[in-house]
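Asks: My structure is below; once you've seen it, I'll send some questions.
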Amino acid sequence: KGTTSPLVSIAKNMQSFVSVRPNLRNRFASYLRERLFNLDLIERLIKSNALDFIGINYYTRNVVEVKGWGLKSLLLDTGYSDKSNLKKNYMGWDIYPDGLYELLIKLKRYNLPILILENGVCTEDDDLRWNFIQQHLRHIYQAICEGVNVKGYIYWSLIDNYEWDSGFGPRFGLIEVDYTNYKRTPRQSALKFSSVCKSGQLE
């Protein structure tokens, strides 16, 4: 009595697939990657009535520049994102908030609530971190204004963490960790994000 049932979903990592040149091969490869990487599992789970909401992780885009018609090329060939004017994180990934908006608009057709469960940037530049958060929140708001049922947003990560094969180098945290003594210090981005969460206002 007085309790609610838990909601069930997954956290699906998604990317925005962007063709370097809009030729037929690149457009077909982008379509294939979006279907197989972003949407196939989601659609299978929806058909099985296994999702209460769609949970997505979003960090960057995938730059598509295909060199041949073979399946390996269509699914794996990439272009050189360093030729773009986009800012990049510590690991060289493009910062591309437009991609999150584009994904949200595409997911709208499934008529399920959407939670962004991971979205973050590894950088030593906390101004860049705050700009990353601001821009992604603006694009989420734009999607909401267009009818997308976004229910929540979680920044990755609360504290600096061990990042897979990159170790402790990448700094994703809203809170800085000094690995010599494990002291934790909130960054300015943490304070600014906290203010947005409390007020519901994004300057």
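The values are calculated or read from the model by the stated rules, or taken from the named source; none is laboratory data. None of these values were measured; they are calculated from a predicted model. Quick reminder, even Gly has a Cβ in these numbers, built from the backbone with ideal geometry, and neighbours come from all protein chains shown. For the accessible areas, the whole protein counts, side chains as well, though only heavy atoms, and no ligand, DNA or RNA atoms are used. Shrake-Rupley method; radii C 1.70, N 1.55, O 1.52, S 1.80 Å.
Asks: Using per-residue counts of other Cβ atoms within 10 Å, averaged over each peptide, order 174-185, 63-74 from highest down.
Replies: 63-74, 174-185
Asks: Which of LYS47/LYS192; LYS67/LYS106; LYS47/LYS87; LYS72/LYS151; LYS12/LYS87; LYS151/LYS192 have a Cα-Cα distance over 31 Å?
Replies: LYS47/LYS192; LYS47/LYS87; LYS72/LYS151
Asks: What does the charge count around ASN131 come to, taking other residues whose C-beta lies under 10 Å from its C-beta (Lys +1, Arg +1, Asp -1, Glu -1)?
Replies: With Lys, Arg at +1 and Asp, Glu at -1, the neighbours total -1.
Asks: Which order do the peptides 194-201, 106-113, 122-129 take when ranked by the mean count of other beta-carbon atoms within 10 Å per residue, highest first?
Replies: By packing density, highest mean first, the sequence is 122-129, 106-113, 194-201.
Asks: Given a Förster radius of 22 Å and the C-beta distance between ASP52 and ILE105 as r, what FRET efficiency does 1/(1 + (r/R0)^6) yield to the nearest 0.05?
Replies: The calculated FRET efficiency here is 0.55.
Asks: Report the rotationally averaged projected area of the chain based on its alpha-carbon convex hull, in square nanometres.
Replies: 14.6 nm²
Asks: Tell me which of CYS122, GLY99, ALA29 sits at the most positive position along the dipole axis of the chain, charges placed on C-beta atoms (Lys, Arg +1; Asp, Glu -1).
Replies: ALA29
Asks: Roughly how big is the range 119-203's charge dipole about its Cα centre, with Cβ charges of +1 (Lys, Arg) and -1 (Asp, Glu), in debye to the nearest 20?
Replies: Dipole size: approximately 380 debye.
Asks: Counting only helical runs of four or more DSSP H residues, what would the 222 nm mean residue ellipticity of the chain come to if each run contributes -39,500 (n - 2.57) and the total is spread over all its residues?
Replies: Calculated from helices alone, the mean residue ellipticity at 222 nm is -10000 deg cm²/dmol.
Asks: Just grab the label-to-label distance for SER5 and LEU86, each label 7 Å out from Cα along the Cβ direction, in nm (one decimal).
Replies: In this crude spin-label approximation the distance works out to 3.9 nm.
Asks: How big is the C-alpha Rg of the range 12-102 next to the rule-of-thumb value 2.2 N^0.38 Å, as a ratio?
Replies: Against the compact-globule rule of thumb, the ratio is 1.17.
Asks: Now a separate question. Would you mind getting me the FRET efficiency between LYS72 and ASN13? Use the beta-carbon distance for r and R0 = 25 Å, nearest 0.05.
Replies: Result of the calculation: an efficiency of 0.75.
Asks: Please report, as a whole percent, how much of the solvent-accessible surface of the chain comes from carbon and sulfur atoms (probe radius 1.4 Å).
Replies: C and S fraction of accessible area: 54 percent.
Asks: Around LEU74, what is the net charge, scoring Lys/Arg as +1 and Asp/Glu as -1 over all other residues with Cβ under 13 Å from its Cβ?
Replies: Around LEU74, the surrounding residues sum to +3.
Asks: For the chain, what proportion of DSSP beta bridges, expressed in % and rounded to the nearest 5, is antiparallel?
Replies: Here the antiparallel bridges make up roughly 30 percent for the chain.
Asks: What FRET efficiency comes out for the pair LEU24/ASP98, r = Cβ-Cβ distance, R0 = 22 Å, nearest 0.05?
Replies: E(calc), rounded to 0.05, equals 0.40.
Asks: Using the heavy atoms of the protein chains and a 1.4 angstrom probe, tell me the accessible area per residue for the range 1-110 in square angstrom.
Replies: The answer is 59 Å² per residue.
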